[in-house]
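Quick notes on the structure that follows.
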Amino acid sequence: MDDNTLSLFAGIGALLLLASVIGRLLKWRAGAGPHPVIDNLNARINAWWVMVLVIGIAFVFGKYGVIVLFYGVSFYALREFMTLTPTRRSDYPALAAAFYIALPVQYVLIASDWYGLFSIFIPVYVFLLLPILASLGGDTTRFLERTSKVQWGLMIAVYCVSTVPALMTLDIPGYEGRNLLLIAWLILVVQLSDVLQYVCGKLLGKRKVAPNLSPSKTLEGLLGGVALATLVGALLCWITPFSFWQAALLALVVNAMGFFGGLVMSAIKRDRGVKDWGHMIEGHGGMLDRMDSVCFAAPVFFHFVRYWWA
Amino acid sequence: MLADLTAFSITSAARLITGARALWLGCTPQPVQRLYYANHSSHGDFVLLWASLPDALRKRTRPVAGADYWCKPGLREFIIRKVFNAVLIDRQRSDTLDSPLQPVLDALAQGDSLIFFPEGTRNLGDEPLLPFKSGLFHLAAAHPQIELVPVWIANLNRVMPKGRALPLPLLCTLSFGEPLHRLPGESKPDFLERARLALLTLAPKEA
């Protein structure tokens, strides 16, 4: 790790320490006994320590560490998505292909730097392969619906998530060997936006912004969170190849995409009648609950950077 | 020793692949004599249910399995007898001298908890739950003090569909419902229907 990465992680560590102290103080002030909001806040903060630690370990191993990390993220996200998606017995070949072929091949293509194929593998080849596999079962019940759902899950959980480690493959003049920081910047800005929207919403939130999709999201939380996260993204321009205003604009784009990603994934959850995608991250829900904003922000960020900087 | 090791690897693998989550909705995992009855759609059902019980309970809980499938000499028989300590019943038996349920009644009489699939066979159709065979009624009538705990196993039929060797890594949930007993004087059809509904209400709603 270089000095920039170390100072970035030191900064995140200091922030988490502050959050932990505030969380303990709130708990202490609220007294003994359960307090759902504060207990959930503390569970979230504790989970953040673990998540930052895992990301940190991946960064120590460099490019391949990050690829393995996001392979895992994709696997857990795909598993949560397919678990909530009703499929039939004859979808087995398509689901097996999703878990055992599409997922590993996508990450192997990224590891081998093959942009021409990893950018179209799932949207073109797998898109055509899945309905072929599904049709072999001879079961026409809700056929289009079933194949679309498997394809959609792959796009979100594998294709979109994999554009994060794909940032490693970009050759940005004057930024050689520092692409890990681009990943750190993206994850930090998008996740900080989620956190700040939550904090601003809890402190100032009054008007619901999408009562049907996500009752906890408020207009005050949205504006405050996105504004603050965009400011942080701009102030962190020293770890990126962007100028201050470029970083601000890109941060605004990824934060907006992240917000809408949260809405879309929330609509799916509500339709399936659940509150969370899963239970693997204490206080947060499942992997997809934590990654929903990244899923929507990362592909756009990747292609913007590739088009204008690489 | 070998049996313990095999048990450990089988339950770990089952939990790893399915991320099995036990939801104790209607009762808590207490060490009282119980008969867990569940929906049956995969050979892995009893393994997953067994694996999701706390250690202390698992040691006293035995699955009830069909002798016709499991009593093939070799690995299969070692697993079912030594690892799971199953109660084997002969589903095909035609002689009426003693009931095919006798080994199960004996196990209950000596205080064991059991895992039982009242549908009698694997459900491979689109119906969520088949009609119950009368076995559950006879067990409940013979041992009215035992808690009958409905357990809905969700998703395992998707993890291991019939005839597929490679399991899919989907998440499974086991919902433990409220214990029930046979009411005094309750008829066989009434009891079986009540027990079936108690299990069915634990199933996740299909959209």
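Considering only Cα atoms, the convex hull volume of the stretch B:2-200 works out to 127 Å³ per residue. Listed by chain and number, the lysines whose alpha-carbon sits under 21 Å from that of A:Lys206, ignoring those within fewer than 8 places in the same chain, are A:Lys217.
Suppose the chain between A:Asn212 and A:Met51 were pulled fully straight at 0.36 nm per residue; how much longer would it get relative to their current alpha carbon spacing?
On the way: separation 161, 0.36 × 161 = 57.96 nm, distance 3.01 nm.
Length difference between fully extended and current span is 55.0 nm.
When both bridge partners sit in the protein assembly as shown, DSSP labels roughly 30% of those beta bridges antiparallel. Using the alpha-carbon centroid of each, what span in Å lies between the stretch B:105-136 and the stretch B:1-46? Here the answer is 15 Å between Cα centres. Cysteines in the protein assembly as shown lacking any other cysteine Cβ under 4.7 Å from their own Cβ: A:Cys200, A:Cys237, B:Cys27, B:Cys71, B:Cys172. For the protein assembly as shown, the solvent-accessible area works out to 47 Å² per residue, with a probe of 1.4 Å and every protein chain left in place.
Label 7 Å along Cα→Cβ of A:Lys202; the stretch A:14-34 residues with amide nitrogen under 12 Å? Under cut-off, by backbone N: A:19-27.
Would you mind counting up the charge near A:Ala134? Only other residues with Cβ under 14 Å from its Cβ, with Lys and Arg at +1 and Asp and Glu at -1.
Values: positive: A:Arg88, A:Arg89, A:Arg142, A:Arg146, A:Lys149; negative: A:Asp91, A:Asp139, A:Glu145.
Taking every Cβ under 14 Å from that of A:Ala134, the sum is +2.
With the simple model of a label 7 Å out from the Cα in the direction of the Cβ, A:Glu176 to B:Cys71 spans 7.5 nm.
Rounded to the nearest 0.05, what FRET efficiency do B:Thr121 and B:Leu5 have when you use their Cβ-Cβ distance and R0 = 41 Å?
On the way: r = 31 Å, r/R0 = 0.76.
In this case the efficiency is close to 0.85.
Considering every residue in A:15-24, what mean count of other chain Cβ atoms within 10 Å of its Cβ is obtained? Intermediate results must be reported in sequence, preceding the final value.
Values: counts 0, 0, 0, 0, 0, 0, 0, 0, 0, 0.
Mean inter-chain Cβ contacts per residue within 10 Å come to 0.
Each stretch of four or more DSSP H residues adds -39500 (n - 2.57); spread over every residue of chain A, this sum gives -23000 deg cm²/dmol at 222 nm.
Neighbouring Cβ atoms from other chains, within 10 Å of the Cβ of residues in A:267-275, number 1 on average.
Let's test the formula: R0 of 30 Å, r as the Cβ-Cβ distance of B:Lys82 and B:His43. What FRET efficiency results, to the nearest 0.05? Please list the in-between numbers first.
Numbers: r = 18 Å, r/R0 = 0.59.
Plugging the Cβ-Cβ distance into 1/(1 + (r/R0)^6) gives 0.95.
Mean residue ellipticity at 222 nm, helices only, chain B: -9000 deg cm²/dmol; runs of at least 4 DSSP H residues each add -39,500 (n - 2.57), and the sum is divided by the number of residues. Between A:His35 and A:Trp245, the distance separating the two model label sites (each 7 Å from Cα on the Cα→Cβ line) works out to 4.5 nm. Extents of the protein assembly as shown, taken as max minus min of Cα coordinates on every principal axis and listed largest first, are 89, 58, 47 Å. The calculated FRET efficiency for B:Lys59 paired with B:Leu23, based on their beta-carbon distance and R0 = 30 Å, is about 0.85. A 27 angstrom limit on the alpha carbon distance is what I want to check against. Which of B:Lys82/B:Lys162; A:Lys63/A:Lys275; A:Lys149/B:Lys205; A:Lys275/B:Lys133; A:Lys275/B:Lys162; B:Lys133/B:Lys205 exceed it? Cα-Cα > 27 Å for A:Lys63/A:Lys275; A:Lys275/B:Lys133; A:Lys275/B:Lys162; rest within.
The values are calculated or read from the model by the stated rules, or taken from the named source; none is laboratory data. These numbers come from a predicted model, not from an experiment. FYI the Cβ positions are ideal-geometry reconstructions off the backbone, even for glycines, and counts take in every protein chain you see. Areas reflect the complete protein model, heavy atoms only, side chains present, ligands, DNA and RNA absent. Shrake-Rupley method; radii C 1.70, N 1.55, O 1.52, S 1.80 Å.
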